[in-house]
Amino acid sequence: MPFELKVQRPAELRCSNCGKLVGAGAIVVKTCCVNKPWVFCSRECYRQFVAKWTRNQEAAGNRLRRGAAL
């Protein structure tokens, strides 16, 4: 599950979900499978990302479990 990071320096970054420029109010998270932080402009963009990320993780888990049963 993604976890939120505390960012010390405000920097202008782009939202990983919608591409908007983000200033000091950025939400920065890291997932277990990607070794770089993801930046979001709002809680709504972060919520959309988590929903999509969770769906992908569940799909990958089902594929692995189905293959192991054969």
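The values are calculated or read from the model by the stated rules, or taken from the named source; none is laboratory data. Every value quoted in this text rests on a predicted model; they were computed, and no experiment measured them. Neighbour counts run over all protein chains shown; Cβ positions are idealised from the backbone, glycine included. All accessible areas refer to the heavy atoms of the entire protein, side chains included, with ligands and DNA or RNA removed. Shrake-Rupley method; radii C 1.70, N 1.55, O 1.52, S 1.80 Å.
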(request) Mind giving me the nanometre distance, one decimal, between the label points for Q48 and T31, set 7 Å out from Cα along Cα→Cβ? (result) 1.6
(request) Step through the residues of region 38-55 one at a time and calculate ³J(HN,Hα) from phi using the Karplus curve (6.51 cos²θ - 1.76 cosθ + 1.60, θ = phi - 60°), rounding each to whole Hz and writing x for Gly and Pro. (result) 9, 10, 10, 7, 8, 5, 5, 4, 5, 4, 4, 4, 4, 4, 5, 5, 5, 4
(request) Can you tell me which of 26-32, 36-42 comes out highest on packing, and rank the rest after it, using the mean Cβ neighbours within 10 Å? (result) 36-42, 26-32
(message) Please list, ordered by chain and number, the residues whose modelled amide H lies under 5 Å from the amide H of R14; skip anything fewer than 5 residues away on the same chain.
(response) V22
(message) Accessible area per residue for region 2-60 in Å², computed with a 1.4 Å probe and the full protein assembly in place, what is it?
(response) 68
(request) Could you please report the charge total around A51, scoring K, R as +1 and D, E as -1 over all other residues with beta-carbon less than 12 angstrom from its beta-carbon? (result) +1
